[in-house]
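Structure first, then comments.
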């Protein structure tokens with residue numbers, strides 16, 4: 001598997017096939033792990049980092065779950081390729097921007113990725129389409145078990161798994177869902193919802209996680225602490241609020257239809273028309289317009305488009321994806337032109353079919 005191959009397809013989590021995928025785009029479980037035989041990353045020498053990467057690669061190659069995975073040496077990737085993997089949600093910005101030996105292993109479906117030498121020695125991640133936290137936990141729990149048979153983790157009998165950041169000590173687990181909430185944003189209810197989340201120790205972040213801004217009305221909802229909690233506790237903590245969030249968003253959409261369907265249809269149609277006809281368009285505006293179109297499809301206001309197409313366009317119109325697909329480096333102005341051309345082509349192809 002090459003990065004060019006990834007650029008021309010979509011991962012399983014983008015296909016819109018999971019439960020409640022009209023609102024929950026994806027569910028993710030991530031585990032932070034460190035090897036007992038090496039110091040934490042911040043105390044590692046360049047030689048330590050290289051030895052960690054080599055050790056992990058050698059041990060993973062003996063595990064069946066990684067037989068068909070592709071290993072990328074992040075240190076050798078061009079800047080655009082690193083950004084491409086960030087946009088794809090397969091590596092973090094921290095891994096992309098750091099230095100020294102660091103790698104990522106990615107399975108064929110892009111459900112499973114494993115970063116080496118980020119903040120911790122290992123960051124294992126499983127992503128599933130829709131509201132599928134239990135399925136994601138089941139897979140990552142199995143993968144973690146088979147890895148632990150090959151490597152000795154840093155573990156304390158009372159504290160649990162030892163991690164670089166104190167908030168991850170214990171299970172080392174981050175549970176998150178990526179939700180699309182355009183109606184709550186339009187009705188200016190989103191801040192109220194998120195304030196209630198903060199009271200129960202849930203974090204709300206943008207599309208690309210910590211430090212990122214909300215784009216296209218997408219938000220990541222995740223647990224903040226792990227110490228003193230079991231894995232099942234954390235799955236339940238996040239999983240229990242998602243059905244309520246889904247209900248709030250669906251009721252908001254129903255109210256928008258009920259109060260002024262014609263106005264909503266006009267907004268959705270204008271967004272769709274702009275995407276089809278713009279001669280140049282920024283990434284931010286594209287995300288905003290695609291958000292309205294995605295909601296319009298789910299409300300039955302647009303009949304000639306499918307959700308997987310829109311999900312793909314959210315990712316493929318990001319700067320690095322656009323340049324990978326076009327096969328050339330582009331400055332901002334030319335990206336805006338190329339993005340408009342790409343949208344024309346993709347949306348026209350959908351209508352022709």
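The values are calculated or read from the model by the stated rules, or taken from the named source; none is laboratory data. None of these values were measured; they are calculated from a predicted model. Positions of Cβ are backbone-derived with ideal geometry, glycine not excepted, and every protein chain shown enters the neighbour counts.
Across the stretch 282-293, a minimum of one residue is classified as without any contact (Cβ under 8 Å) to a residue 12 or more places away in the chain and either buried (at least 19 other Cβ atoms within 10 Å of the Cβ) or under 21 Å from the mean Cα position of the chain (by Cα) (or both). Go through the residues of the stretch 1-15 one by one and say whether even a single one is free of Cβ contacts under 8 Å to residues at least 40 places away in the same chain, surrounded by fewer than 16 Cβ atoms within 10 Å (Cβ to Cβ), over 20 Å from residue 180 (Cβ atoms) and touching a strand residue (DSSP E or B) at 6+ places or on another chain (Cβ under 6 Å). Within the stretch 1-15 (the criterion being free of Cβ contacts under 8 Å to residues at least 40 places away in the same chain, surrounded by fewer than 16 Cβ atoms within 10 Å (Cβ to Cβ), over 20 Å from residue 180 (Cβ atoms) and touching a strand residue (DSSP E or B) at 6+ places or on another chain (Cβ under 6 Å)), the answer is no, since none of the residues qualifies. Does residue 161 satisfy the condition of being under 28 Å from residue 46 (Cβ atoms), surrounded by fewer than 21 Cβ atoms within 10 Å (Cβ to Cβ), over 21 Å from the mean Cα position of the chain (by Cα) and touching a residue at least 12 places away in the same chain (Cβ under 8 Å)? Spelling it out, it is not the case that residue 161 is under 28 Å from residue 46 (Cβ atoms), surrounded by fewer than 21 Cβ atoms within 10 Å (Cβ to Cβ), over 21 Å from the mean Cα position of the chain (by Cα) and touching a residue at least 12 places away in the same chain (Cβ under 8 Å). Evaluate the stretch 257-271: report whether one residue or more is over 21 Å from residue 25 (Cα atoms), under 24 Å from the mean Cα position of the chain (by Cα) and surrounded by 15 or more Cβ atoms within 10 Å (Cβ to Cβ). For the stretch 257-271, residues over 21 Å from residue 25 (Cα atoms), under 24 Å from the mean Cα position of the chain (by Cα) and surrounded by 15 or more Cβ atoms within 10 Å (Cβ to Cβ): absent. Screening the candidates 149, 229 for the property of being surrounded by fewer than 16 Cβ atoms within 10 Å (Cβ to Cβ) and over 20 Å from the mean Cα position of the chain (by Cα) yields one hit, 149. Within the stretch 1-19, the residues that satisfy the criterion of being part of a loop (DSSP other than H, G, I, E, B) and within 30 Å of residue 248 (Cα to Cα) are 10, 11, 15, 16, 17, 18, 19.
Of the residues contained in the stretch 191-201, none is found to be surrounded by fewer than 21 Cβ atoms within 10 Å (Cβ to Cβ) and either in contact (Cβ under 8 Å) with a residue 60 or more places away in the chain or under 19 Å from the mean Cα position of the chain (by Cα) (or both). Set side by side, the residues 63, 47, 52 differ, and just one is under 14 Å from residue 150 (Cα atoms) and at pLDDT 95 or above, which is 52.
Taking the stretch 65-86 only, how many residues are in contact (Cβ under 8 Å) with a residue 12 or more places away in the chain, part of a helix (DSSP H, G or I) and out of contact with any helix residue (DSSP H, G or I) (no Cβ under 8 Å at 6 or more places or on another chain)? Number satisfying all stated conditions: 1.
Sort out which residues of the stretch 20-51 are assigned to a loop (DSSP other than H, G, I, E, B) and surrounded by 15 or more Cβ atoms within 10 Å (Cβ to Cβ), and write them in order of number. Within the stretch 20-51, 20, 21, 22, 23, 34, 38, 40, 44 qualify.
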